[in-house]
Amino acid sequence: MKIRVKLDEVLKAKGMTQKELSEMTKIRPASISDLSNNVRTAINRDHLSAVAEALNITDIRDLVDFE
């Protein structure tokens, strides 16, 4: 089973760019890009929390999925 971060889909749905999210969360743009493109092998819980808060996500399933 593989974990997939759906950040790219969420950003598109909210009309937000990776750069805007980076500025809101104070997470490096490269880290946001890696999350969005699913190239991270480890996911920082603090990053997920900051992203969820910035995007007003209350259900982790809106951001992360199993494949």
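A few comments on the model shown:
- Any hit, segment 33-47, residues being touching a Ser or Thr at 6+ places or on another chain (Cβ under 6 Å), modelled with pLDDT of 95 or more and not charged (D, E, K, R): no
- Among the residues of segment 20-55, those that are open to solvent by 50 Å² or more (accessible area, probe 1.4 Å) and either basic (K, R) or in contact (Cβ under 8 Å) with a residue 40 or more places away in the chain (or both) comprise K26, R28, R40, I43, R45.
- Residue that is farthest from K19 (Cα to Cα), among those in segment 56-67 that are aliphatic (A, V, I, L, M) and in contact (Cβ under 8 Å) with a residue 24 or more places away in the chain: V64
- Taking the listed residues I60, I3, the one that is more than 9 Å from the chain's Cα centre (by Cα), open to solvent by 90 Å² or more (accessible area, probe 1.4 Å) and of a type in the set (V, I, T) is I60, with no other qualifying.
The values are calculated or read from the model by the stated rules, or taken from the named source; none is laboratory data. Keep in mind the model is a prediction, meaning the values are calculated, not measured. Ideal geometry is used to build each Cβ from the backbone, glycine not excepted, and the neighbour counts take in all protein chains shown. Quick note on the areas: whole protein, heavy atoms, side chains included, nothing else; ligands and nucleic acids left out. Shrake-Rupley method; radii C 1.70, N 1.55, O 1.52, S 1.80 Å.
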